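A.B. asks: First the structure, then my questions, so here it is.
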Amino acid sequence: MSKTKAIIPQLKIEERILLVRGEKVIIDADLADFYGVPTKRLNEQVKRNKKRFPEDFIFQLTADEKSELVANCDHLAKLKYSKALPFAFTEHGAIMAASVLNSTRAVNVSVFIVRAFIRLRQTIAEHREIARKIEKLERKIAEHDEQILNVLEAIHQLMAPSGKPRRKIGYVKEKQTTYGKKRTKN
């Protein structure tokens with residue numbers, strides 16, 4: 001399979017994928033820029049083909065979400081003065097937008113957008129796997145810590161003097177009485 005030269009670098013697309021309402025999305029201004037059309041034209045085509053864009057493909061941001069995006073994303077600063085609330089396209093919405101635009105560039109770029117979403121999913125999955133492994137190690141270390149503490153406690157108990165006197169170990173020398181008879185110690 002031959003690799004085609006990217007129209008838009010994949011890293012640039014990945015940087016524009018944002019997390020809004022727990023969904024990975026691309027804002028309409030970015031998507032229009034990728035597809036080489038004005039944002040107004042993209043949104044017109046979406047409105048004309050409303051049936052192709054269910055709620056899980058596209059949603060409109062609230063005023064609070066818009067101001068948060070403008071504050072956190074420098075490249076979206078131009079939205080600050082826009083009266084219209086932007087739309088957020090999920091992966092499937094971005095693909096559908098390419099199909100309603102029906103331009104060669106939109107079709108070609110949609111492939112790169114899909115790849116960017118896939119790479120993002122893989123990265124998230126890798127992070128989850130790493131987090132799972134770290135959690136497993138932490139549990140194992142906690143078990144070992146508990147076992148080590150038990151061993152140390154047992155050693156301390158063995159080292160502590162007991163309350164009752166110990167019987168001496170070893171040979172006991174016999175004592176001589178004054179009368180010359182030997183007596184053993186009891």
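The values are calculated or read from the model by the stated rules, or taken from the named source; none is laboratory data. All of these numbers come straight from a predicted model, not from anything done at the bench. All Cβ positions, even for glycine, are placed from backbone atoms using ideal geometry, and neighbour counts span all protein chains on display.
A.B. asks: Return the total of residues in region 166-186 being part of a loop (DSSP other than H, G, I, E, B) and modelled with pLDDT under 70.
C.D. replies: Of the residues in region 166-186, 9 are part of a loop (DSSP other than H, G, I, E, B) and modelled with pLDDT under 70.
A.B. asks: If you don't mind, there's one more thing I want to ask. Which members of region 76-127 meet the condition of being part of a loop (DSSP other than H, G, I, E, B) and in contact with an Asp or Glu (Cβ under 7 Å, 6 or more places away or on another chain)? Reasoning before the result, please.
C.D. replies: Going through region 76-127, the residues part of a loop (DSSP other than H, G, I, E, B) turn out to be 82-86, 90, 102-103.
Scanning region 76-127 gives P86, T90.
A.B. asks: Select from region 85-110 the residues that are at pLDDT below 80 and under 22 Å from E55 (Cβ atoms) and list them in ascending order.
C.D. replies: Of everything in region 85-110, just one residue is at pLDDT below 80 and under 22 Å from E55 (Cβ atoms), namely S110.
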